[in-house]
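Accompanying notes for the structure given below.
The values are calculated or read from the model by the stated rules, or taken from the named source; none is laboratory data. This one's a predicted model, so the numbers in the text were calculated from it and none came from an experiment. Note: ideal-geometry Cβ built from the backbone for every residue, glycine included; neighbour counts use all protein chains shown. Note: accessible area is taken over every heavy atom of the protein model, side chains too, but ligands, DNA and RNA are not part of it. Shrake-Rupley method; radii C 1.70, N 1.55, O 1.52, S 1.80 Å.
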Amino acid sequence: MLTLTEIAEEPLRLTNRLTPHDGSDVVLRPLTHADAERLAEFLDSLSSASRRFSTFDGYDLAAARELCDAIARYDKLRLVLEDVPSGRIVGLLEFSLALTPTDIARYQDAGIRLAETTDCRFGPTLADDYQGRGVGTLAFPFVTEVARLLGRTRIILWGGVRADNPRAIRYYEKNGFRRAGSFTEADGSVSLNMILDLHRAPDPAGPST
């Protein structure tokens with residue numbers, strides 16, 4: 001089982017090259033301390049719609065530096081998608097190895113008992129111009145492999161997924177996530193809990209309706 005310290009010391013162990021169907025060239029790799037300025041550019045470029053679906057404490061250089069300073073210090077692993085020709089960060093994939101009391105209670109209501117020894121939280125954010133290009137689908141097998149290397153057998157969505165984000169819901173269901181109830185956000189909107197059991201292979205035909 002890999003530790004966060006081992007990943008930070010040897011990021012090449014979790015570096016993977018992706019080639020989307022549109023011919024672009026993307027590398028998925030761990031966030032490093034040298035990424036602060038490029039990460040700030042990525043966060044700042046997110047549209048209001050993207051910020052609604054993926055919320056951060058900030059979208060500037062200070063927020064980016066805080067994320068970089070957290071590398072291997074807490075319970076988080078952050079991977080970035082980097083556009084190779086430009087060097088631009090075009091995606092941020094976040095894992096948390098800790099569960100919150102709110103997570104545990106929400107899933108308990110759905111009859112699912114979470115445990116930090118088996119479960120992790122996951123949340124992806126893509127640059128607006130990279131959404132819908134198939135990058136997330138190409139990256140997902142690597143996402144599940146990372147979870148396994150971290151010793152986890154189930155993945156839940158970090159903060160759930162907004163019920164009014166059908167494209168994201170289809171993406172998760174296509175990759176094997178199942179719904180586990182819903183909850184109301186602070187603004188009154190509804191989000192879904194979703195969980196992926198890594199022992200179960202996703203149905204290539206997609207979810208039944």
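Details
- Candidates Leu149, Leu157, Leu67: whichever shows maximal mean-square fluctuation once the chain is modelled as a Gaussian network with Cα springs under 10 Å: Leu149
- Entry for Cα extents along the principal axes in Å (calculated from the structure that is shown) out of (i) 63, 45, 40; (ii) 49, 39, 30; (iii) 44, 35, 33: (iii)
- Virtual spin-label span in nm between Leu2 and Arg73, 7 Å along Cα→Cβ: 2.2 nm
- By DSSP, the beta bridges lying fully in the chain are antiparallel in about 90 percent of cases.
- Between Asp57 and Arg88, residue separation times 0.36 nm minus the direct Cα-Cα distance comes to 9.0 nm.
- Under 14 Å, Cβ to Cβ, from Arg52 - net charge with Lys/Arg +1 and Asp/Glu -1: -1
- Taking 0.36 nm per residue of separation and subtracting the Cα-Cα distance, full extension of the segment from Ser45 to Ala98 would add 16.2 nm.
- Under the simplified labelling scheme, the Arg113-Arg162 pair shows an inter-label distance of 3.6 nm, with each label point 7 Å from Cα along Cα→Cβ.
- Heavy atoms of Asp25 accessible to a 1.4 Å probe, total area in Å² rounded to 10: 40 Å²
- Cα gyration tensor shape for the range 11-56, rounded if a/c is under 1.5, else prolate or oblate: oblate
- Computing FRET efficiency as 1/(1 + (r/R0)^6) for Arg179 and Thr19, where r is the C-beta to C-beta distance and R0 is 35 Å, gives about 0.65.
- Under-5 Å amide H pairs with Ser182, H placed in peptide plane, nonlocal only: Asn193
- Protection proxy ranking of 167-175, 74-82, 54-62, by the mean of other Cβ atoms within 10 Å over each peptide's residues and highest first, is 74-82, 167-175, 54-62.
- Residues considered: Ala63, Ala34, Ala186. Largest GNM mean-square fluctuation over the chain, using C-alpha springs under 10 Å, is found at Ala186.
- Bridge type composition, the range 81-187 - antiparallel percent by DSSP, nearest 5: 65 percent
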